[in-house]
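Enquirer: Encoded as structure tokens, here's the structure I'll be asking about.
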Amino acid sequence: MPPSQTRRERLAQVFGQDALALCRAAWAKDAPGLIREIEAVHLLRQVLVQTYIIRSDARGRQVIRKRDAGVPPGQLRLASPLGPQQREGDGRISQGPTG
């Protein structure tokens, strides 16, 4: 993570822009339907909705910003790229049946 608050905010904005671009591509009319069925794509969209706000600026351009407040409580918020079954566990990633 960048040491300064300004750089962390800029990095969060870049992450949001990238996530938005990926979601728009996944839900585009010409995108294969299978892409929208991938769990990671759904999780990315959910994190995007929970973490960012998309508004239009004075020129009509869409601007994405990180939410300052109003995100769901910790037990409801997605804060991990892991699947739901891993998020409900103790935070460790299983290494399979022997892990």
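Enquirer: Working only within segment 42-59, note down all residues that are assigned to a helix (DSSP H, G or I) and touching a residue at least 12 places away in the same chain (Cβ under 8 Å).
Expert: Leu43, Leu44, Arg45, Gln46, Val47, Leu48, Gln50, Thr51
Enquirer: A follow-up question, please. Which count do you get for residues in segment 3-21 that are farther than 17 Å from Lys66 by Cβ and part of a helix (DSSP H, G or I)?
Expert: Of the residues in segment 3-21, 0 are farther than 17 Å from Lys66 by Cβ and part of a helix (DSSP H, G or I).
Enquirer: So which residues in segment 22-41 are open to solvent by less than 90 Å² (accessible area, probe 1.4 Å), touching a helix residue (DSSP H, G or I) at 6+ places or on another chain (Cβ under 7 Å) and in a helix (DSSP H, G or I)?
Expert: Selection gives Cys23, Ala26, Ile35, Arg36, Val41.
Enquirer: Which members of segment 42-52 meet the condition of being buried (at least 17 other Cβ atoms within 10 Å of the Cβ) and farther than 13 Å from Leu20 by Cβ?
Expert: The one that is buried (at least 17 other Cβ atoms within 10 Å of the Cβ) and farther than 13 Å from Leu20 by Cβ: Leu43.
Enquirer: Scan segment 18-41 residue by residue and report those that are without any contact (Cβ under 8 Å) to a residue 24 or more places away in the chain and in contact with a Lys or Arg (Cβ under 8 Å, 6 or more places away or on another chain).
Expert: If the condition is that a residue be without any contact (Cβ under 8 Å) to a residue 24 or more places away in the chain and in contact with a Lys or Arg (Cβ under 8 Å, 6 or more places away or on another chain), then Ala26, Trp27 are the ones that fit.
Enquirer: Inspect all residues belonging to segment 41-53 and state whether any of them is at pLDDT below 90 and over 11 Å from the mean Cα position of the chain (by Cα).
Expert: yes
The values are calculated or read from the model by the stated rules, or taken from the named source; none is laboratory data. Computed from a predicted model, the values in this text were never measured in an experiment. Every residue, glycine among them, receives a Cβ derived from its backbone with ideal geometry; neighbour counts consider all protein chains shown. These area figures cover heavy atoms from the full protein model, side chains too; ligands, DNA and RNA do not enter into them. Shrake-Rupley method; radii C 1.70, N 1.55, O 1.52, S 1.80 Å.
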